[in-house]
Amino acid sequence: MEKELTKVENGVVLVKTSWQSMVKLFDPINPPSELAKISTLEQAVKFDSPTLGAIQRTFGDEKVHSLLCLYIAAVVETLNLSRSMNGSQIEICANRIINKHKRLKLADIHVIVQKAMNGEYELYEGVSGAKIMKWFDEYFERRCEYFVQMNQSDHEYTKNHGGNGELMQALKEKLNESNLKVGKPVPKKKKQIPMTLEELKKEIDYNYKNEK
């Protein structure tokens, strides 16, 4: 039976992807329209695609290796530089990328390769495994910085507005349930200042302790 990469969310299988369909979707030369639109790190992060590690676990070392070799070979062929890479060098480079950057998604690989094909990296008439690894390392570093910034933004939003709407609503409902259980009157309206997530948690804990 052919293996499939399965996406599961909340115990529900959402998508099953075969190897053939994945290779067709992530074609470095002729990507489908939905992938062709992805050109930045931010877009790649949001694009739903598997990581190299997930592909390796599902389909095996050989197939994830062959997919990366396809991407690297596409770069080498498109650039057509005087100092290029042979088959063995491409395979070694692919192995190094897999070993070091399993967390990158195929959409990330697509962005890196497209930037290389568009001449956005300095090559000085030659491409090598070391240069390609530098592209991946720098991209991964920017990716980490992006997530740090996103986490900081989420923290600031939580600090200033009391967290995201869904979580706040759930906590407020829990707080209201606690008040109703002990027969307390509805609390008087306080100052028009948004309660922070931490304050709300403390108040819920306080009501819970008083119920006992």
Tell me, please, whether a residue that is touching a Lys or Arg at 6+ places or on another chain (Cβ under 7 Å) and either crowded, with 20+ Cβ neighbours inside 10 Å or within 18 Å of Val23 (Cα to Cα) (or both) can be found in region 42-49. yes
Which residue out of Asn95, Asn99 is without any contact (Cβ under 8 Å) to a residue 24 or more places away in the chain and within 17 Å of Trp135 (Cα to Cα)? Asn99
Filter region 83-109 down to the residues that are among the β-branched types (Val, Ile, Thr) and surrounded by 20 or more Cβ atoms within 10 Å (Cβ to Cβ) and list them by number. Ile90, Ile97, Ile109
May I ask you to say which residue of Lys7, Lys3 is touching a helix residue (DSSP H, G or I) at 6+ places or on another chain (Cβ under 7 Å) and either loosely packed, with under 10 Cβ neighbours inside 10 Å or modelled with pLDDT under 75 (or both)? Lys3
For residues that are farther than 12 Å from Gly129 by Cβ and in contact (Cβ under 8 Å) with a residue 12 or more places away in the chain, scanning just region 70-82, find the one that is surrounded by the most Cβ atoms within 10 Å (Cβ to Cβ). Tyr71
Qualifying positions in region 83-108 - in a helix (DSSP H, G or I) and basic (Lys, Arg): Arg96, Lys100
Checking Glu138 against (1) crowded, with 18+ Cβ neighbours inside 10 Å; (2) out of contact with any His (no Cβ under 6 Å at 6 or more places or on another chain); (3) at pLDDT 90 or above: exactly one of these is not met. Which one? (1)
Answer yes or no: is there a residue in region 23-31 that is in a helix (DSSP H, G or I) and surrounded by 20 or more Cβ atoms within 10 Å (Cβ to Cβ). no
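The values are calculated or read from the model by the stated rules, or taken from the named source; none is laboratory data. Since the model is a prediction, treat every value here as computed from it, not as a measurement. No Cβ is skipped: glycine too gets one built from the backbone with ideal geometry, and neighbour counts run over all protein chains shown.
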